[in-house]
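Throughout, read-outs are computed from the coordinates displayed, never taken from laboratory work. Predicted model, so just to flag it, every value in this text is computed and none were measured. Positions of Cβ are backbone-derived with ideal geometry, glycine not excepted, and every protein chain shown enters the neighbour counts.
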Amino acid sequence: MKNSEIHKGLPDSLIRNLIAYDFRQTFYMDFENKLVTERFDENDVWGYIIQDSKNQIKYFEKRLKITELRKGLTMVLEHHGWEEFDVSDITEKQSGETLWLNFIGTQKEYDYLLLQINGV
């Protein structure tokens, strides 16, 4: 089963898809957020400290944004009584994608998805 089909036929499938895509997007954002390290220049110690501080602020501002997004997504999950399930071993990811989409739903819905995938 393709990742894009894991929520098909479930109530609020569009919301589930959006949450799954948004969670995946935050992981991409996390991969891309790198702390830039300046080369130490003993002739310009103050300049080094200033640039290093700016780099850290930029890194932590992005990290804060990612964490706030994940917190919001988690709140939506909790509101609906849903969980996030890793289905990377049993689904086919979309071409061109690096990461899989996770299944968003209840334990009962996840168990039913497993039955569907396994052909039971």
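For the chain, modelled as a GNM with alpha-carbon contacts under 10 angstrom, which of TYR21, TYR48, TYR59 fluctuates the most?
TYR48
Separation between the GLN94 and GLN56 pseudo-spin-labels, each 7 Å from Cα along Cα→Cβ, expressed in nm?
3.9
Can you list residues whose amide H is under 5 Å from GLU83's amide H, if they're 5+ apart or on another chain and H is modeled 1.01 Å from N?
GLY105, THR106
Please turn the phi angles of segment 83-98 into ³J(HN,Hα) values with the Karplus equation 6.51 cos²θ - 1.76 cosθ + 1.60 (θ = phi - 60°), one per residue in order, whole Hz, x for glycine and proline.
10, 10, 10, 6, 10, 5, 7, 10, 10, 9, 6, 5, 4, x, 9, 8
Normalised by the number of residues in segment 3-117, what is the relative contact order in percent for Cα pairs under 8 Å and 6+ residues apart? It would help to have the intermediate numbers written out before the result.
Values: 98 pairs, mean separation 39.4, N = 115.
Computed value for segment 3-117: 34 percent relative contact order.
Once fully extended, how much extra length lies between ASP30 and LYS65, figured as 0.36 nm per residue of separation less the alpha-carbon to alpha-carbon distance? Before the final figure, lay out each step's value.
Working: separation 35, 0.36 × 35 = 12.60 nm, distance 1.01 nm.
Between ASP30 and LYS65, full extension yields 11.6 nm more.
Per the Kirkwood treatment, what hydrodynamic radius in Å, one decimal, follows for segment 3-117 from the mean inverse distance over all distinct Cα pairs? If you can, show how the numbers build up before the last one.
Values: mean 1/r = 0.0605 Å⁻¹.
About 16.5 Å for segment 3-117.
To make sure I understand, if each residue's beta carbon is the centre and we count other beta carbons within 10 Å, what order do LEU114, LEU14, LEU73 fall in, fewest to most?
Details: LEU114 14, LEU14 9, LEU73 19.
Result, fewest neighbours first: LEU14, LEU114, LEU73.
Give me the net charge of LYS58's neighbourhood, meaning all other residues with Cβ under 13 Å from the Cβ of LYS58; Lys, Arg count +1, Asp, Glu -1.
On the way: positive: LYS34, LYS54, LYS62, ARG63, LYS65; negative: GLU32, GLU38, ASP52, GLU61.
After counting each charged neighbour, the total is +1.
Quick check for me: using +1 on Lys/Arg Cβ and -1 on Asp/Glu Cβ, what's the dipole size of the chain about its Cα centre, in debye to the nearest 20? Provide the component values of the computation, followed by the final result.
Details: 15 positive and 21 negative charges, 50 e Å.
So the dipole magnitude of the chain works out to roughly 240 debye.
Mind jotting down the three principal axis lengths of segment 1-47 based on Cα atoms? Whole angstrom, largest first.
If we take the Cα atoms of segment 1-47, the spans are 65, 19, 6 Å.
Along Cα→Cβ, 7 Å out, is where each label goes; now give me the distance between the ones at TYR21 and GLU38 in nm to one decimal.
Taking the simple label geometry, TYR21 and GLU38 are separated by 4.0 nm.
Using a 10 Å Cβ count of at most 16 others and DSSP loop calls, identify the longest part of the chain lacking such GluC sites (Glu not before Pro). Could the numbers behind the result be given before it?
Numbers: sites that count: GLU38, GLU42, GLU97.
Here the longest segment lacking exposed loop sites spans 43-96.
Please arrange VAL76, VAL45 by counting, for each residue, the other beta carbons lying within 10 Å of its beta carbon, fewest first. Walk me through the numbers on the way to the answer.
Working: VAL76 15, VAL45 10.
Result, fewest neighbours first: VAL45, VAL76.
Arrange ILE49, ILE66 by Cβ neighbour counts within 10 Å, fewest through most, would you?
On the way: ILE49 12, ILE66 18.
So the ranking, lowest neighbour count to highest, is ILE49, ILE66.
May I ask for the angle, rounded to the nearest 10°, between helix 13-32 and the longest principal axis of the chain, with both axes built from Cα atoms and the value confined to 0 to 90°?
For helix 13-32, the angle is close to 30 degrees.
Helix 107-117: angle to the longest alpha-carbon principal axis of the chain, degrees 0 to 90, nearest 10?
That works out to roughly 70 degrees.
Provide, for the chain, the number of lysine pairs with alpha carbons under 16 Å apart, each pair being eight or more places apart or on different chains.
Count of close lysine pairs: 9.
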